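Where a number appears in this text, it was derived from the coordinates with a stated rule and is not lab data. The shown structure was predicted, so the numbers you read here are calculated from the model rather than taken from an experiment. So basically every Cβ, Gly included, is an ideal-geometry build from the backbone, and we count neighbours across all protein chains shown.
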Amino acid sequence: MNTFYKYLKSLIIFMSSIIIIPFFLSLFNLLKLETNKIMIIIIGSILMFIIGFILGRKSNSKGYLNGLLLSVICIFILVILSLIFRFSLNINTLIYYVILVISTVFGSMLGINKKVKNKV
């Protein structure tokens, strides 16, 4: 049950960021500031890195597998949302999803290595 709560916390952070980040990007558009696709990729990969890092710090071992599982769940949610809103899946979106998976796995591997060790 403890692993369920680790993933649930990370997914709550991910879902809340799905709501908050587009809100701020639309505010930039209202202020006539352009948001490039590169900026969206950077924000998404930083977010997934942070989520993977948080999950890695809470994991006991094999951070890359935990990060991979979390990223697959998040990508599945993104694919479902893109199908609901009728966005087309093309090679650019697949590359974006691969970048998100890599950043999540890297973040969880780094998080498990930066875990605070209990000194006895």
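The number of residues in the range 71-101 that are surrounded by 14 or more Cβ atoms within 10 Å (Cβ to Cβ) and among the aromatic types (Phe, Trp, Tyr) comes to 2. A residue that is free of Cβ contacts under 8 Å to residues at least 60 places away in the same chain and not in a helix (DSSP H, G or I) cannot be found anywhere in the range 97-110.
Could you please give the count of residues in the range 16-50 that are without any contact (Cβ under 8 Å) to a residue 40 or more places away in the chain, in contact with a helix residue (DSSP H, G or I) (Cβ under 7 Å, 6 or more places away or on another chain) and aliphatic (A, V, I, L, M)? It would help to see each step written out before you state the result.
Step one: of the range 16-50, the residues without any contact (Cβ under 8 Å) to a residue 40 or more places away in the chain are 16-17, 19-40, 42-43, 47.
Checking the rest, the ones that are also in contact with a helix residue (DSSP H, G or I) (Cβ under 7 Å, 6 or more places away or on another chain) come to 17, 21, 35, 43, 47.
Keeping just the survivors that are aliphatic (A, V, I, L, M) gives 21, 43, 47.
Residues that pass the stated criteria total 3.
Against the test of being closer than 26 Å to Tyr5 by Cβ and touching a Phe, Trp or Tyr at 6+ places or on another chain (Cβ under 6 Å), the options Val101, Val105 yield a single qualifying residue, Val105.
Filtered by the rule that a residue be over 18 Å from Ile99 (Cα atoms) and surrounded by fewer than 12 Cβ atoms within 10 Å (Cβ to Cβ), the range 23-63 gives Phe23, Phe24, Ser26, Leu27, Asn29, Leu30, Leu31, Lys32, Leu33, Glu34, Asn60, Ser61.
Assessment of the range 57-71 against the conditions (more than 27 Å from Tyr5 (Cβ to Cβ) and hydrophobic (A, V, I, L, M, F, W, C)) yields no matching residue.
All conditions in (1) more than 15 Å from the chain's Cα centre (by Cα); (2) part of a helix (DSSP H, G or I) hold for Ser17, with the sole exception of (1). Is it fair to say Ile77 is without any contact (Cβ under 8 Å) to a residue 12 or more places away in the chain and of a type outside the set (Phe, Trp, Tyr)? Here the answer is no, as Ile77 does not meet what is asked.
Each row is one residue, and each column tells you yes or no for (1) acidic (Asp, Glu); (2) under 18 Å from Thr104 (Cα atoms); (3) not in a helix (DSSP H, G or I).
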position	(1), (2), (3)
Ile12	no, yes, no
Phe24	no, no, no
Ile42	no, yes, no
Ser45	no, yes, no
Phe49	no, yes, no
Leu55	no, yes, no
Ser61	no, yes, yes
